[in-house]
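What follows draws every value from the coordinates through simple rules; no lab data is involved. Predicted model, so just to flag it, every value in this text is computed and none were measured. Using ideal geometry, Cβ is built from the backbone for each residue, glycine included, and neighbour counts are taken over all protein chains shown.
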Amino acid sequence: MPYVLLFIGCVGFLIGGIGLNIDQIQHFDFNSVVWMSTHRLEALNGITLTLSYLGGLPSMIVITGLCSIYFIRQKQYANILMMSLGLLGASIIGWILKYLVDRPRPDEVFQIVKTYGASFPSAHSIYAAVLCCSIMFIFQKHQQVKLIYLMGFLWFFSMGISRVYLGAHFPTDVLAGWGIGFIWAAMVWLILSSATLSRNKIFLDKNLNEVE
């Protein structure tokens, strides 16, 4: 699974990055924001604004902290390390790219949420993808694995779409964000599972997959 995510992530990031320099994709980006801004519903506004708050870095830190408390009680320290490294690395990568690319956000007339920093890539999409992949890796042997995968997919997909709906990002920002999240989460998993966990150097009691 990590290699599949690496492939999908690379494709998503490349398409998103290349799209910055292709006029046709830029037109699609702009038209997507315009179309969504003209088809907003009051109920969807509330849902997407809630997702915006839940998917931001402060909320993600809280979610990671709560998960860490649970895993500490279960003595599953590797899972804590995976989620912490996933969020920390994703944050650093995302904000470095924002600074380097410095893509302007969609015009303020389309935005119904407060935004910070540049547009490319979407940090919310990165965080959502990293969280989804981390949960998928950790619970891949759970009895309800299909339901967990479905919930994870709905989380990162709805988070990405909501960013365009709110006028905070273009579709290529979201696509690149998903790609970065997939790539980083897969790399963290591969590093931990091959270099640390398999040798039992640190985590002698629990493995990443031992979640019932």
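Please report how many Lys pairs in the chain have alpha carbons closer than 21 angstrom, counting only residues at least 8 apart along the chain or sitting on separate chains.
Number of lysine pairs found: 5.
Tell me, what is a quarter of the convex hull surface for the C-alpha atoms of the stretch 98-137, in nm² with one decimal?
3.5 nm²
May I ask you to sort PHE13, PHE182, PHE7 by Cβ crowding, counting other Cβ atoms within 10 Å and putting the fewest first? Intermediate values should be presented prior to the final figure.
Numbers: PHE13 21, PHE182 27, PHE7 13.
In increasing order of surrounding Cβ atoms, one gets PHE7, PHE13, PHE182.
Give the relative contact order (percent, whole number) for the chain; include only Cα pairs under 8 Å separated by 6+ residues.
36 percent
How large is the helix-only mean residue ellipticity at 222 nm for the chain, computed as the sum of -39500 (n - 2.57) over DSSP H runs with n ≥ 4, divided by its residue count, in deg cm²/dmol to the nearest 500?
-23000 deg cm²/dmol
Quick check on the stretch 70-196: what does the Kirkwood estimate of hydrodynamic radius come out to from the alpha carbon pairs, in Å?
Numbers: mean 1/r = 0.0656 Å⁻¹.
For the stretch 70-196, the Kirkwood estimate is 15.2 Å.
For the stretch 19-126, report the % of Cα-Cα distances exceeding 19 Å.
Percent of Cα pairs beyond 19 Å in the stretch 19-126: 58.
So how strong a dipole does the stretch 2-199 carry about its Cα centre when Lys and Arg Cβ are +1 and Asp and Glu Cβ are -1, to the nearest 20 debye?
About 780 debye.
Note the per residue figure in Å³ for the convex hull of the C-alpha positions in the chain.
118 Å³
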